[in-house]
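**Q** The following block contains the structure, expressed as structure tokens.
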Amino acid sequence: MPLCSSAQPRDWPRVRDGRRRFDILTIGLHWLTVALIAGMFASAWLLLASDREHAEMLLIVHRSLGVVTWAVATVRLGWRVSYAYLPPFPESMPKVQQRLAKASEYGLYALLLFQPLTGLAQSLTRGRHFMLFAWRVPSVMAGDKPLTALFHQIHSLSAWVLLGLIGLHILAALFHRFVLRDEVLQSMQPWRTSPAACHEQKSSLATHEGAAR
């Protein structure tokens, strides 16, 4: 069943039919994650260029966004493996690409869960209290500079790995949209494609396939 079909079953199986759009909760959590990641990277980069007066506030924002990102990723993964609707891959997509797509997806989940924990560990090993949102987290251990430096290096390296995976994720989505011309990108867009747009897209795809032949 194509994405733009007017007759959509309410009680669909998680993977098996041809519906080309994720469920609304998965889409909402996806774009919330995008916003949170953008906020975390923006606050981290601003922190590097800020003076001491603004650095403390930016650090509070960065830490707090990290906690929210971890919570959202946990909820999203739980929904993903239990009740989420997962559109089938396009039939023309090779098995190797399907496996790589799944590996990339779970790699992103792993980093979204791991990255905030390394940042939290870095804060805890400083041996000082710190702020999360409006709450003060007390010191739980004596300061350990070598351990703090280790967690800082891990946090920085995994941030670059996360950024690289996000870049590959974006490039893959654009490749599906503009080169392969399938419905992979549209399956996660936050708005529904109108019937008119759907018909126009199908006509364009038919024309493109006819020209290729």
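The values are calculated or read from the model by the stated rules, or taken from the named source; none is laboratory data. Because the structure is a prediction, the values reported are computed rather than measured. Every residue, glycine among them, receives a Cβ derived from its backbone with ideal geometry; neighbour counts consider all protein chains shown. For the accessible areas, the whole protein counts, side chains as well, though only heavy atoms, and no ligand, DNA or RNA atoms are used. Shrake-Rupley method; radii C 1.70, N 1.55, O 1.52, S 1.80 Å.
**Q** Counting only heavy atoms of the protein chains, get the accessible area per residue of the range 93-166 (1.4 Å probe) and round it to a whole Å² value.
**A** Each residue of the range 93-166 exposes 63 Å² on average to a 1.4 Å probe.
**Q** Here's another thing I want to ask about it. Ignoring ligands, DNA and RNA, please state the percent of accessible area on the range 43-137 from carbon and sulfur, probe 1.4 Å.
**A** Carbon and sulfur together cover 68 percent of it.
**Q** Same structure, new question: What's the whole-number percent of alpha carbon pairs in the range 52-162 lying beyond 22 angstrom?
**A** That tail contains 46 percent of the Cα-Cα pairs.
**Q** Taking R0 as 45 Å, what's the FRET efficiency between R52 and E91 from their Cβ-Cβ distance, rounded to 0.05?
**A** 0.20
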